[in-house]
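The values are calculated or read from the model by the stated rules, or taken from the named source; none is laboratory data. Predicted, not measured: the structure shown is a model, and the values here were computed from it. Cβ placement follows ideal geometry from the backbone for every residue including glycine, while neighbour counts extend to all protein chains displayed. Note: areas computed on protein heavy atoms with side chains; ligands, DNA, RNA excluded. Shrake-Rupley method; radii C 1.70, N 1.55, O 1.52, S 1.80 Å.
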Amino acid sequence: MSTKIVIIDDHQLFREGVKRILEFEKSFTVVAEGEDGSDAVELVEKYSPDVVLLDINMKMTNGIEATRQLLDRYPETKAMILSIHDDEAYVTHALKTGASGYMLKEMDSDELIEAVKIVADGGSYIHPKVTHKLIGEYRRLANQNNSGSGYQQPEVQIPLHLLTSRECEVLQLLADGKSNRGIGEALFISEKTVKNHVSNILQKMNVNDRTQAVVTAIKNGWVEVR
């Protein structure tokens, strides 16, 4: 079945570019576009999309506020934020509001399509560059909260009981904030092979997406937070 998508951004040229990219994927249909967050509820009511992409910075109603209004009325709709900001404060605010994804406008077309697929299938997506910053903040808070007890990251126990050695390498690079392309370049393998490894990791770890995999790995001491 086709995934119906609404794009909301106050720059027409950018909207047209995103639309063209998404429509390369045969299972995607862009059903409507809006130029301000205030359009979100009306367009969802009219077109019943599966996914709404919202720019974080718009003149009247920004993407965060539009997400809140939208999910208050239509909680089953999946909202994804498009942003130029990779600061963890923006991401945390977006996720607290209920967004299922946070994407950077610098991402390439394949990453964009993959992100929308993940969210449309019920997962969540945070751009790898932002994930790495969130992990850094997680580590900072952990050190701060445990400063009186001499907190240190536990010794890394590579999960060879669960994953292959290559999958463990991929998991570490996910925790480092690498994209599929970056992982492929680091390990000298194709992006298709990386996607297969990531899929196997998610299945074996019983998680829905990359972010959950990284968080689980950190909690279990399976990766180095660096």
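Observations, loosely collected:
- Here the relative contact order of the chain, from alpha carbon pairs under 8 Å that lie six or more residues apart, stands at 14 percent.
- Neighbourhood charge, 12 Å Cβ-Cβ cut-off, centred on Ser179 and excluding it, Lys, Arg +1 and Asp, Glu -1: -3
- Per residue solvent-accessible surface (Å²) - the chain, probe of 1.4 Å: 53 Å²
- Converting phi to 3J(HN,Hα) with the Karplus coefficients 6.51, -1.76 and 1.60 and the offset θ = phi - 60°, the range 169-177 yields 5, 5, 4, 4, 5, 4, 5, 6, x Hz in sequence order, with x at every glycine or proline.
- Net charge over other residues, Cβ less than 10 angstrom from the Cβ of Lys78 (K, R count +1; D, E count -1): -3
- Ranking by accessible area, most exposed first, for Phe14, Phe28 with a 1.4 Å probe: Phe14, Phe28
- Comparing His127, His161, His85 in a Gaussian network model of the chain (Cα springs below 10 Å), the most mobile by mean-square fluctuation is His161.
- Contact order for the range 19-89, expressed relative to its length and based on alpha carbon pairs under 8 Å spaced 6+ residues apart, stands at 29 percent.
- Under Stokes-Einstein, with the Kirkwood radius over Cα pairs as Rh, the value for the range 40-120 at 4 °C and 1.567 mPa s is 102 µm²/s.
- Cut-off 20 Å, label 7 Å out along Cα→Cβ of Asp121, residues of the range 16-56 by amide N: 22-30, 50-53
- Cα lying deepest toward the dipole's positive end in the range 156-226, options Thr211, Ile189, Trp222, charges on Cβ: Thr211
- Note on Ile158 and Met107: their simple-model spin labels are 3.0 nm apart, each label 7 Å out from Cα toward Cβ.
- Computed extension gain for Phe24 through Ala186, at 0.36 nm per residue and net of the alpha carbon distance, reaches 55.5 nm.
- Under the Karplus curve 6.51 cos²θ - 1.76 cosθ + 1.60, θ = phi - 60°, whole-Hz ³J(HN,Hα) for the range 93-108, x wherever Gly or Pro sits: 4, 4, 5, 5, 6, x, 4, 8, x, 9, 10, 8, 5, 7, 5, 7
- Using θ = phi - 60° in the Karplus curve 6.51 cos²θ - 1.76 cosθ + 1.60, the 3J(HN,Hα) couplings for the range 112-125 round to 4, 4, 5, 4, 5, 4, 4, 5, 4, 7, x, x, 10, 9 Hz; x is entered for Gly and Pro.
- Working note: 222 nm ellipticity from helices only, DSSP H runs with n ≥ 4, each -39,500 (n - 2.57), summed and divided by the residues of the chain, gives -15500 deg cm²/dmol to the nearest 500.
- Positive minus negative residues near Thr216 (Lys, Arg vs Asp, Glu; Cβ under 13 Å): +2
- The dipole here belongs to the chain: it is taken about the Cα centre, uses +1 on the Cβ of Lys and Arg and -1 on the Cβ of Asp and Glu, and is about 660 debye.
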